[in-house]
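J.: There's a structure below that I have some questions on.
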Amino acid sequence: MKVGFIGLGKMGSAMAANILKAGHDLTVYNRTRERAERLAAQGAKVASTVGEACRGQEVVFTMLADDAAVESVVFGDDGVLATLPKGAIHVSSSTISVALAERLTAEHSQRGQQFISAPVFGRPEAAAEAKLFILPAGPRSAIEVAAPLFQAVAQKMIIVSDMPKAANLVKLSGNFLITSVIEALGEAMALVRKLGIDSHQYVDILTSTLFGAPVYKTYGKLIADGKFEPAGFAATLGEKDIRLTLAAGESLRVPLPIASLVRDRFLNLLANGGDTLDWSAIGSLPAREAGLPPK
């Protein structure tokens, strides 16, 4: 299949590499060309512009940081909308707002193109091993065409809806739940540390009894280790996702008081120089507030 891939951060680079390994004809574009050149060594073609990455392709992925980054490559004279062939598919795996997903759906439809929202759950190490969970939503016929590409990057594909925006809402709500777990873990671990209980022992107790889910194991260990650099998922992106979750809640008239609390925790972290830290670093705040020494 002829595929374009735009956005080669930690997640995008790993996904693109797995699409290459699956034998597809891949053209990549990234604002920082050096990241694209790394994939050229594996057989990818490197595009100099967004339009070059889109022309003649059957499917084009975007995996970008936020709404502004997606808008910058989709709209404009040489953007995805202007250069993607009629009938071709734009797959957005970025964590974007519900409102932008609605706009992209409408704009692609007007041009005879197809649009799928396909956000993923999983950190960069899972992406490298093709063990993501991918959540496509959009026309079933388009999902069927793109399915081999989803299978190349993920251990499981879960079709959410025929409405692309539904996948974005599920993704945002999932990230909200992850951050809620991180905050709760941080508070509980600060509590037991204050009595002298070892954090690693505590995480082992939790994850071998009541809380065996990967989210508790992964983030419990990060908090216990105090290891928040290099960031697998930056705190700035975590704050963005909670902000988009709250915007969706406001639009749908759903109060989200815990999301408001978590948003303030991110603002606390960022106000104190946490921009480069992993989003799990909000789990270190309760210990700091309890007067415990840093890990």
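All of the numbers you see were taken from the coordinates with simple rules; none came from a lab. What you see is a predicted model, and the numbers here were worked out from it, not measured in a lab. Positions of Cβ are generated from backbone atoms using ideal geometry, with glycine treated the same way; all protein chains shown enter the neighbour counts.
J.: Give the shape of segment 109-167 as rounded, prolate or oblate, defined through the alpha-carbon gyration tensor: a ≥ b ≥ c are the square roots of its eigenvalues, a/c under 1.5 means rounded, and otherwise the shape is prolate if a/b is larger than b/c and oblate if not. Don't jump to the answer; show the numbers that get you there.
T.: Working: a/c = 2.35, a/b = 1.98, b/c = 1.18.
Note, shape of segment 109-167 comes out prolate.
J.: How much length, in nm to one decimal, is gained on full extension between ARG253 and ALA213, taken as 0.36 nm per residue of separation minus their Cα-Cα distance?
T.: Computed gain between ARG253 and ALA213 is 11.4 nm.
J.: Further question on the same structure: With charges set only on the Cβ (+1 for Lys and Arg, -1 for Asp and Glu), what does the dipole of segment 120-191 come to about its Cα centre, in debye to the nearest 20? Show your work: numbers first, answer last.
T.: Details: 6 positive and 6 negative charges, 39 e Å.
Charge dipole of segment 120-191: 180 debye, to the nearest 20.
J.: Provide the per-residue ³J(HN,Hα) series for segment 113-120, in order, calculated from phi with Karplus coefficients 6.51, -1.76, 1.60 and θ = phi - 60°, each as a whole number of Hz, with x at glycine and proline positions.
T.: 9, 10, 10, 10, 8, 9, x, 10
J.: Let me ask another. Give the shape of segment 167-289 as rounded, prolate or oblate, defined through the alpha-carbon gyration tensor: a ≥ b ≥ c are the square roots of its eigenvalues, a/c under 1.5 means rounded, and otherwise the shape is prolate if a/b is larger than b/c and oblate if not.
T.: Working: a/c = 1.90, a/b = 1.52, b/c = 1.24.
Since a/c reaches 1.5 and a/b is larger than b/c, the shape of segment 167-289 is classed as prolate.
J.: Now, a different point. Taking R0 as 30 Å, what's the FRET efficiency between ASP25 and GLU102 from their Cβ-Cβ distance, rounded to 0.05? If you can, show how the numbers build up before the last one.
T.: Numbers: r = 31 Å, r/R0 = 1.04.
With a Förster radius of 30 Å, E is 0.45.
J.: How much length is gained if the chain between LEU267 and SER141 is pulled fully straight, taking 0.36 nm per residue apart and subtracting their Cα-Cα distance, in nm to one decimal? Each step should come with its number before you reach the end.
T.: On the way: separation 126, 0.36 × 126 = 45.36 nm, distance 4.19 nm.
The LEU267-SER141 span can extend by a further 41.2 nm.
J.: Still on this structure, I have one more. Cβ neighbours within 10 Å, averaged per peptide: list 17-23, 270-276 in order, most packed at the top.
T.: Numbers: 17-23: 18.7, 270-276: 13.6.
Ranked by mean Cβ neighbours within 10 Å, highest first: 17-23, 270-276.
J.: May I pose another question? Put a dot 7 Å past each Cα toward the Cβ at ASP198 and GLU52; how far apart are the dots in nm?
T.: Output for this residue pair reads 5.6 nm.
J.: Among 63-69, 108-114, 3-9, 130-136, what's the highest-first ranking by average C-beta atoms within 10 angstrom per residue?
T.: 3-9, 130-136, 63-69, 108-114
J.: Right, another one. For a label point 7 Å from the Cα of ARG33 along Cα→C-beta, name the residues of segment 51-77 whose backbone N is under 15 Å from it.
T.: 51-53
J.: Eight or more residues apart or on different chains, and alpha-carbon atoms under 19 Å: count the Lys pairs in segment 177-295 matching that. Please list the in-between numbers first.
T.: Numbers: LYS194/LYS221; LYS194/LYS295; LYS217/LYS227; LYS217/LYS295; LYS221/LYS295; LYS227/LYS295.
Going through segment 177-295 pair by pair, I get 6.
J.: If you don't mind, there's one more thing I want to ask. In µm²/s, what is D for the chain at 25 °C and 0.890 mPa s, where D = kT/(6 pi eta Rh) by Stokes-Einstein and Rh is the Kirkwood radius from Cα pairs? Numbers along the way, then the final one.
T.: Details: Rh = 19.9 Å.
Estimated diffusion coefficient is 123 µm²/s.
J.: Could you tally the net charge around GLU107, taking each other residue with its Cβ under 15 Å from the Cβ of GLU107, Lys/Arg +1 and Asp/Glu -1? It would help to have the intermediate numbers written out before the result.
T.: Numbers: positive: LYS86, ARG103, ARG111, LYS165; negative: ASP67, GLU71, ASP77, GLU102.
Taking every Cβ under 15 Å from that of GLU107, the sum is 0.
J.: Strictly greater than 22 Å: what percent of every Cα pair in segment 2-162 meets that?
T.: Values: 4175 of 12880 pairs.
The proportion of pairs with Cα distances above 22 Å equals 32 percent.
J.: Tell me, rounded to the nearest percent, the portion of alpha carbon pairs in segment 101-231 spaced more than 27 Å apart. All intermediate terms of the calculation are to be shown ahead of the outcome.
T.: Numbers: 3088 of 8515 pairs.
Here the long-distance tail beyond 27 Å is 36 percent of all Cα pairs in segment 101-231.
J.: Same structure again: Which of SER260, ALA213, LEU244 sits closest to the plus end of the dipole of segment 212-295, meaning its Cα is farthest towards the positive end, when Lys and Arg get +1 and Asp and Glu get -1 on the C-beta?
T.: Of the options given, the answer is ALA213.
J.: Go through GLY56, LEU104, THR32 and say which Cα lies farthest out towards the positive end of the charge dipole of the chain; charges sit on Cβ, +1 for Lys and Arg, -1 for Asp and Glu.
T.: GLY56
J.: Given H placed 1.01 Å from N in the peptide plane, which residues other than close sequence neighbours of VAL46 have an amide H under 5 Å from its amide H?
T.: The answer is VAL28.
J.: Something else now. Taking R0 as 25 Å, what's the FRET efficiency between LYS45 and ALA68 from their Cβ-Cβ distance, rounded to 0.05? Walk me through the numbers before you get to the answer.
T.: On the way: r = 27 Å, r/R0 = 1.07.
After rounding to 0.05, the efficiency reads 0.40.
J.: Do any trypsin sites (Lys or Arg not before Pro) in segment 216-287 lie in a DSSP loop with no more than 16 other beta carbon atoms within 10 Å, and if so, which? Write down the numbers at each step before the final one.
T.: Working: sites: LYS217, LYS221, LYS227, LYS240, ARG243, ARG253, ARG263, ARG265; in loops: LYS227, ARG253.
The qualifying sites are LYS227, ARG253.
J.: Another one. Rounding to the nearest 20 debye, state how big the charge dipole of the chain is about its Cα centre with +1 on each Lys and Arg Cβ and -1 on each Asp and Glu Cβ.
T.: On the way: 30 positive and 29 negative charges, 72 e Å.
For the chain, the charge dipole is close to 340 debye.
J.: Separate question: Output the peptides 153-166, 30-43 sorted from most to least packed, where packing is the average of other Cβ atoms within 10 Å over each peptide's residues. Show your work: numbers first, answer last.
T.: On the way: 153-166: 18.5, 30-43: 14.9.
Taking the mean over residues of other Cβ atoms within 10 Å, the ranking is 153-166, 30-43.
J.: Could I have the simple spin-label model distance between ASP275 and LYS221, label points 7 Å from Cα toward Cβ, reported in nm to one decimal?
T.: Distance between the two pseudo-spin positions: 3.0 nm.
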